[in-house]
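Some notes on the structure that comes next.
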Amino acid sequence: MARLSVARLEQRLRNGELVVLDGAVGTELERRGAPMHSDLWCGETLETHPQLIIDVHRSYIEAGADVITTNSYAVPPHTLAHVGMQHKTVPWNRRSAELALAAREQFADGRPVWIAGSVSTFGTWRNLDPREVAPGIARQARILVESGVDLILLETLASQPELVLAAVRDISGLSVPVWIAVSCLQDRESGALLHGVEESQQHSCTQRRFVPFADIVRQATALGGSALLMMHSDLNVAGAAVRAMREHYDGPVGVYPNAGYWERPSWAFVDQIPPHDYARAAQGWIRDGAQIVGGCCGIGPEHIRALRDVALPESA
């Protein structure tokens, strides 16, 4: 199956148009009954539940997503090596692309739907030197590009700045666009926006705090990337994140926040927001300048459908 040209997608972004990203893949698989692996989270479903992955992709395509994301977040080389499954690196990452391509072929009905290959720092980034992890990130990106994805979504979540910058640097020469995704939190006393993560302002027990959010925005985008997104962060900080990204980066920006928090290996479905309320919140992010809007963990197809209906009613 041929790669879909990204020229039209990039032209839409240059024109200031909205691009609808899909919602969560891993937590949607969990919600539909797939077991979560203690170390690989949703990664093993590539072997055990391939049809369910296609079903999730189908749901997002039918909800109106312009971009769907491969189920490769939990299978970067360093994570698989950590659990003695490095031999799965190539077949599982290839499989993630094949399943997304199959879903597009079967269900897009001629509508352009681009496939983002999820490349991530998931797993052992807390324990490994960035210089050890970054080469694996570049390898995962190459496998996904060779397997036919249209662009790379570099999902760095709560990784330390050194790893984020090393990852951006190592994949900046790819032949497809790279969207950089970082997480953030807001200091409750000062209101300062920080690079780091607090999944739920109400329920999270831990925070990972690094540098001012503006610093990672400037430093990461100086090294490469075609767009910058806030990922997997409490939706209440999304507006502030969009404004900060717009202030310090002149390319397309986007957001895909979460609802809930992770209790290894499962997702705690708390802080759930009704789809229409999510779409109304997203209208504010779009007014602030977000062009790419979707959802992360806890956000499902019904939210993406509502987002599409509210933000792009003429195409609903």
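What are the semi-axes of the equivalent ellipsoid for region 170-283, taken as the square roots of 5 times the Cα gyration tensor eigenvalues, largest first, in whole Å?
24, 16, 15
Considering the zone a paramagnetic label at VAL83 would reach in this model (a point 7 Å from Cα along the Cα-to-Cβ line), which residues of region 100-142 have amide N under 16 Å from it? Residues 120-126 fall inside that zone.
Working from the alpha-carbon coordinates of the chain, get Rg over Rh, Rh being the Kirkwood radius.
When Rh is taken as the Kirkwood radius, the ratio is 0.92.
For region 209-316, the set of chymotrypsin sites (Phe, Trp or Tyr not before Pro) satisfying both a DSSP loop assignment and a count of at most 16 other C-beta atoms within 10 Å is given as PHE269.
Give me the net charge for the shell around CYS184: Cβ to Cβ below 12 angstrom, other residues only, Lys and Arg +1, Asp and Glu -1.
Numbers: positive: ARG208, ARG209, ARG243; negative: ASP187, GLU198, GLU199, ASP215, ASP234.
After counting each charged neighbour, the total is -2.
The label-point distance for VAL211 and VAL90, in a model that sets each label 7 Å from Cα toward Cβ, rounds to 3.7 nm.
Taking every alpha-carbon pair in region 238-300 and binning the separations at 10 Å intervals from zero gives 22, 46, 26, 6 percent.
Can you list the trypsin sites (Lys or Arg not before Pro) in region 1-99 that are in a DSSP coil and have 15 or fewer other beta carbons within 10 angstrom? Provide the component values of the computation, followed by the final result.
Numbers: sites: ARG3, ARG8, ARG12, ARG14, ARG31, ARG32, ARG58, LYS88, ARG94, ARG95; in loops: ARG3, ARG32.
Sparse-neighbourhood loop trypsin sites (Lys or Arg not before Pro): ARG32.
Once Rg and the Kirkwood radius are both taken over the C-alpha atoms of region 63-103, their ratio Rg/Rh works out to 1.09.
Can you give the direction-averaged projected area of the convex hull of the alpha-carbon atoms in region 1-160, in nm²? Could the numbers behind the result be given before it?
Working: hull surface 37.9 nm².
Seen from a random direction, the Cα hull of region 1-160 projects 9.5 nm² on average.
A simple spin-label model places pseudo-atoms 7 Å from Cα toward Cβ; at SER190 and ARG287 they are separated by 2.9 nm.
How much length, in nm to one decimal, is gained on full extension between ASP277 and ARG31, taken as 0.36 nm per residue of separation minus their Cα-Cα distance? Walk me through the numbers on the way to the answer.
Working: separation 246, 0.36 × 246 = 88.56 nm, distance 2.04 nm.
The span from ASP277 to ARG31 would gain 86.5 nm if fully extended.
In a DSSP loop and with at most 14 other Cβ atoms within 10 Å, the trypsin sites (Lys or Arg not before Pro) in region 152-229 are ARG188.
All alpha carbon pair distances within region 126-169 were sorted into 5 Å bins beginning at 0; the resulting P(r) in whole percents reads 5, 22, 32, 22, 13, 7, 0.
Within a 10 angstrom radius of the beta carbon, how do THR48, THR70 rank from fewest other beta carbons to most? Show your work: numbers first, answer last.
Working: THR48 11, THR70 29.
Sorted ascending by nearby Cβ count, the order is THR48, THR70.
Ordered by the count of other Cβ atoms within 10 Å of each Cβ, fewest first, GLU30, GLU98, GLU17 give GLU17, GLU98, GLU30.
Give me the percent relative contact order of the chain, please, defined on Cα pairs under 8 angstrom at least 6 residues apart.
Details: 685 pairs, mean separation 61.2, N = 316.
After rounding, I find 19 percent.
Quick note: the coordinates plus some simple rules give every number you see, no bench work behind them. Small disclaimer: the values here were computed from a predicted structure and weren't measured. Don't worry about glycine lacking a Cβ; one is built from the backbone with ideal geometry, like all the others, and counts go over all protein chains shown.
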